[in-house]
Amino acid sequence: MLSHEDQIVAAIRQIIRAVDLHSRQLFDVHGMTGPQLAVLQEAKRLGPTSPTSLARAVHLSQATVTGILKRLERRLLIDRQPSPDDRRSVLVSITDKGQAILEASPSLLQDRFRNSLSSLEEWERLQILATMQRVAMLMDADNLDASPHLTPGDIRAVLDPAVLDPAVPDSVSSDAAAPGDLASNDTDNNSEASA
């Protein structure tokens with residue numbers, strides 16, 4: 001029989017594996033990372049919008065979202081056009097191809113998790129919150145800045161770069177989270193828990 005401590009560590013590992021498996025499946029089946037899908041979803045929801053507004057909506061840094069937008073634009077999933085109000089700025093819009101990808105893609109893991117959480121009583125949600133905050137503190141992670149995205153570190157580091165996108169050599173430059181982003185496979189900086 002495992003000690004309580006070992007059972008807790010095993011439960012944390014199960015959570016990590018669930019996030020990793022979901023992210024791998026999303027990437028393998030749809031060629032998308034969680035943060036890319038989140039940005040695409042928000043681009044659809046917001047309609048033509050600025051990259052800054054998208055970054056705020058998905059709780060990722062501007063640098064992270066800029067890298068994601070470059071990748072989505074290369075795949076013709078979004079379009080960037082000069083703003084009619086200010087020619088120095090651009091507006092991001094989802095394309096028909098991007099819309100088709102969204103229709104074929106699964107929901108983000110955190111969306112399904114939030115739905116499950118919302119079905120619990122408030123006292124249960126508060127108990128889980130307090131416990132998770134305590135776990136973060138015990139792991140010296142309570143002071144890390146984090147956004148509400150459930151994605152692992154850069155999964156592409158374990159993949160053959162040629163599998164990613166042979167037509168786009170710099171697709172190997174990962175979408176790793178910028179400091180301040182919770183989870184990102186989608187930035188041009190360091191990944192702390194990958195968005």
Practice problem: Between the alpha-carbon centers of region 78-135 and region 29-67, tell me the distance in whole angstrom. | Solution: 8
Practice problem: For an R0 of 30 angstrom, estimate the FRET efficiency from the Cβ-Cβ distance between residue 85 and residue 142 and round to the nearest 0.05. | Solution: 0.10
Quiz item: Sorting 27, 113 on the 10 Å Cβ count, fewest up front, what's the list?
Solution: 113, 27
Quiz prompt | Long-range amide H partners of residue 91 with built H, under 5 Å | solution = 81, 83
Exercise. Describe numerically, in nm with one decimal, the distance between label points set 7 Å from Cα along Cα→Cβ at residue 13 and at residue 76.
Key: 4.6
Exercise. Report the FRET efficiency, 1/(1 + (r/R0)^6), for residue 131 and residue 103, where r is their Cβ-Cβ distance and R0 is 41 Å, rounded to 0.05.
Key: 0.65
Self-check item: Sorted peptide list for 13-26, 49-62, criterion being average Cβ within 10 angstrom, highest first
Solution: 49-62, 13-26
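The numbers here are math on the coordinates, done by the rules we state, and not lab data. Treat the numbers as computed from the prediction; the structure is a model and nothing was measured. No Cβ is skipped: glycine too gets one built from the backbone with ideal geometry, and neighbour counts run over all protein chains shown.
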